[in-house]
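The values are calculated or read from the model by the stated rules, or taken from the named source; none is laboratory data. Quick caveat: nothing in here was measured; it's all calculated off a predicted structure. Note that each Cβ is placed from the backbone with ideal geometry, even for glycine, and that neighbours are counted across all protein chains shown. Please note that ligands, DNA and RNA were not included when accessible areas were found on the heavy atoms of the full protein model with its side chains. Shrake-Rupley method; radii C 1.70, N 1.55, O 1.52, S 1.80 Å.
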Amino acid sequence: MRWFIGILSILVVAAVAVSDYAGYRDLKEMRSEVKELRQEVNVASKTVQEESAAIAGANKSAQEAAAQAALAAEGRQQAESGRQQAESGRQQAESSRQQAEAAALQANADKHAAQEKMGQMQKEREDELNRMQEALNRVVETHRTPNGMVISLPNSIFRFDFDKADLNQHNRELLSRIAGILLISKGYGLSVFGYTDDVGTPEYNQQLSLRRATALKDYLVQAGLDPAIINVKGYGKTSPLDESATNEARAKNRRVEIALTDSSIHY
């Protein structure tokens with residue numbers, strides 16, 4: 001009985017041992033599987049991380065590419081805007097050039113027209129001055145100047161008595177004939193210059209010559225000439241026609257001159 005119990009005990013121990021060994025072997029295999037699973041998880045996790053990193057990199061590259069594309073698109077828009085502005089500027093420059101050429105042509109045409117008009121006016125004034133001079137030469141001495149003529153009134157035909165500025169009857173008649181000729185023409189100015197002989201002081205003779213010129217102006221104004229076109233000036237005993245000290249020379253130097261200047265045309 002005892003041996004049976006002993007054998008049974010051994011069998012029980014053996015069964016337990018076998019059972020424990022089987023459990024240990026299953027546990028070991030389980031641990032190995034767990035380890036393999038962990039390794040697979042780690043590999044999968046690493047793969048996921050790598051793929052995530054790749055995705056993140058791809059996203060970053062895509063964002064950079066999108067930003068570059070946006071910049072490129074903006075650059076294209078700016079370039080197109082610049083091209084359009086350049087084209088507009090070119091068109092404006094071409095329009096300005098055409099306008100400048102047209103203005104230059106018009107200015108040149110206007111210049112030629114003005115030159116022709118001026119030439120015509122000068123010819124008309126020249127003809128009028130010639131007619132006036134021809135008429136004046138019948139009563140007084142005249143000579144042409146670059147911008148008009150000078151009417152000489154020497155003592156031989158327009159006499160001033162010694163130390164006098166009064167107009168005698170002969171002087172008045174002559175001035176009336178001169179005024180009649182001047183009244184039919186327009187566009188001129190008159191300057192009346194008075195002179196004296198060499199007797200007396202320069203100051204006295206200057207005043208005397210001015211009185212003589214003023215007497216002429218006053219008579220011409222009474223005859224109908226516009227006082228605004230007549231200037232007077234006395235030169236005294238300067239600029240004598242004859243520097244001799246004879247009575248004849250002194251009589252010749254007591255004179256008046258009328259300078260007629262064409263005021264309608266600037267030469």
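Of the candidates Lys164, Lys186, the single residue that is assigned to a loop (DSSP other than H, G, I, E, B) and loosely packed, with under 13 Cβ neighbours inside 10 Å is Lys186. Considering Leu220, Leu241, the condition of being among the hydrophobic types (A, V, I, L, M, F, W, C) and open to solvent by less than 70 Å² (accessible area, probe 1.4 Å) is satisfied by Leu220 alone. Name the single residue that is nearest to Phe160 (Cα to Cα) among those in the stretch 176-206 being charged (D, E, K, R) and more than 52 Å from the chain's Cα centre (by Cα). By that ranking, first place goes to Asp197.
Candidates Glu134, Glu94, Glu74: the one that is among the charged types (D, E, K, R) and either under 30 Å from Arg177 (Cα atoms) or touching a helix residue (DSSP H, G or I) at 6+ places or on another chain (Cβ under 8 Å) (or both) is Glu134.
Going by what's in this entry, would Lys233 be described as surrounded by fewer than 19 Cβ atoms within 10 Å (Cβ to Cβ), closer than 30 Å to Gln115 by Cβ, touching a residue at least 24 places away in the same chain (Cβ under 8 Å) and of a type outside the set (Val, Ile, Thr)? Criteria not met by Lys233. Picking from residues in the stretch 103-160 that are under 38 Å from the mean Cα position of the chain (by Cα) and open to solvent by less than 30 Å² (accessible area, probe 1.4 Å), the one that is farthest from Asn171 (Cα to Cα) is Arg125.
Mind checking whether some residue in the stretch 161-175 is under 23 Å from Asn130 (Cβ atoms), touching a residue at least 12 places away in the same chain (Cβ under 8 Å) and not hydroxyl-bearing (Ser, Thr, Tyr)? Reasoning before the result, please.
To start, the set of residues in the stretch 161-175 that are under 23 Å from Asn130 (Cβ atoms) comprises 174-175.
Narrowing further to those that are touching a residue at least 12 places away in the same chain (Cβ under 8 Å): 174-175.
If we keep only those that are not hydroxyl-bearing (Ser, Thr, Tyr) too, we end up with 174-175.
Scanning the stretch 161-175, I find at least one residue that is under 23 Å from Asn130 (Cβ atoms), touching a residue at least 12 places away in the same chain (Cβ under 8 Å) and not hydroxyl-bearing (Ser, Thr, Tyr), so the answer is yes.
Within the set Ser239, Ser209, the sole residue that is part of a helix (DSSP H, G or I), within 18 Å of Ile151 (Cβ to Cβ) and within 52 Å of the chain's Cα centre (by Cα) turns out to be Ser209.
Residue by residue, here is whether (1) at pLDDT 85 or above; (2) more than 24 Å from Gly236 (Cβ to Cβ); (3) outside any loop (DSSP other than H, G, I, E, B) holds:
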{"residue": "Gln84", "(1), (2), (3)": "yes, yes, yes"}
{"residue": "Lys111", "(1), (2), (3)": "yes, yes, yes"}
{"residue": "Arg125", "(1), (2), (3)": "no, yes, yes"}
{"residue": "Ala135", "(1), (2), (3)": "yes, yes, yes"}
{"residue": "Val150", "(1), (2), (3)": "yes, no, yes"}
{"residue": "Ile157", "(1), (2), (3)": "no, no, no"}
{"residue": "Arg172", "(1), (2), (3)": "yes, yes, yes"}
{"residue": "Thr196", "(1), (2), (3)": "yes, no, no"}
